[in-house]
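So the structure is just underneath, and the comments pick up after that.
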Amino acid sequence: MSFSIETIKNRHSVRNYKPDKIVPDKVQQINEKIAELNAEGNLHFQLIEDVGKTYNKLVNRTMGLSSAPSVIACVGPDDDTVEQRIGYYGEKLVLFAQEIGLNTCWAGIFNRNNIDAEIKDGERLVISIAIGYGKDSGKPRKSKTPEQVTEVKGEKPDWFVKGVEMALLAPTAINQQKFMIRLNEDETVDFIDKGGMFSQVDLGIVKCHFEIGAGKEIS
Ligand SMILES: Cc1cc2nc3c(=O)[nH]c(=O)nc-3n(C[C@H](O)[C@H](O)[C@H](O)COP(=O)(O)O)c2cc1C
């Protein structure tokens, strides 16, 4: 699965949605993509078509998220790397949704009691993603500079520069961008978590974007 740089550039968080339900053909496409990503990432993402009262918190209503018609429950086995995997594979889902004309918003704040997700024994509900047809397509926001998020000794290869550029377009909780990308002398790359809420989910999202920009997978 490969995504274009254009998809990343066009994606912004959308918090105001039209009331329309997602059409059956797109529901099917999302469910197929979810099945693929769940298998690849050992996760249990679920599209819940009727969002119900998932976003009935005051902050959700104030920000507009309560208008979302549907939600993706980001569930997975409660292990040490689940948050990063949810970020990495969840962002592939977000970019896929963008490509088929849907808008999304990662949402850490939601009503965990109201989401109609299946959470099996040993699993954890990590976060949610609001999904539907946006009233608009969101807008660009402020970003840190490449210098603020990288550690490099010596020359920066082109693939690294492009990876960082896409990483800076990655959504992060409250736009915190609390990550560092280090290029080692042997040309391996480390993604470093500098803390903050949902920072491990952020790191997975950042890695997903970096790989798209760099045009290669980072082990
Ligand atoms: C892990 C995570 C949690 C988030 N939680 C919320 C949330 O609870 N409510 C909300 O309105 N936006 C939430 N966001 C969206 C961010 O505020 C948004 O991605 C960030 O401001 C950057 O904007 P952009 O996505 O348009 O690039 C979250 C994003 C991430 C990655």
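The values are calculated or read from the model by the stated rules, or taken from the named source; none is laboratory data. Since this is a predicted model, take the numbers as computed values, not measurements. Positions of Cβ are backbone-derived with ideal geometry, glycine not excepted, and every protein chain shown enters the neighbour counts.
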Query raised in the report: Taking region 1-49 only, how many residues are at negative phi, among the polar types (S, T, N, Q) and over 16 Å from the mean Cα position of the chain (by Cα)?
Result: 4
Query raised in the report: Quick check: anything in region 4-20 closer than 16 Å to Val201 by Cβ and either within 13 Å of the ligand (Cβ to nearest atom) or part of a helix (DSSP H, G or I) (or both)?
Result: yes
Requested in this report: Give the residues of region 29-66 that are within 12 Å of the ligand (Cβ to nearest atom) and in contact (Cβ under 8 Å) with a residue 12 or more places away in the chain, sorted by residue number.
Outcome: Thr54, Tyr55, Lys57, Val59, Asn60, Met63, Gly64, Leu65
**Report entry** Positions within region 78-108 being within 12 Å of the ligand (Cβ to nearest atom) and part of a loop (DSSP other than H, G, I, E, B), in sequence order
**Finding:** Gly108
Report summary line: Just one listed residue, out of Phe3, Phe45, is modelled with pLDDT under 95 and either surrounded by fewer than 15 Cβ atoms within 10 Å (Cβ to Cβ) or in contact with a helix residue (DSSP H, G or I) (Cβ under 7 Å, 6 or more places away or on another chain) (or both), and it is Phe3
**Report entry** Identity of the residue in region 181-202, under 16 Å from Ala214 (Cα atoms) and of a type in the set (A, V, I, L, M, F, W, C), that ends up farthest from the chain's Cα centre (by Cα)
**Finding:** Leu183
Report summary line: Residues of region 12-42 being surrounded by 14 or more Cβ atoms within 10 Å (Cβ to Cβ) and small (Gly, Ala, Ser), in sequence order, are Ser13, Gly41
**Report entry** Every residue from region 133-156 that is under 23 Å from Pro69 (Cα atoms) and in contact with a strand residue (DSSP E or B) (Cβ under 9 Å, 6 or more places away or on another chain)
**Finding:** Tyr133, Gly134, Lys135, Asp136, Ser137, Gly138
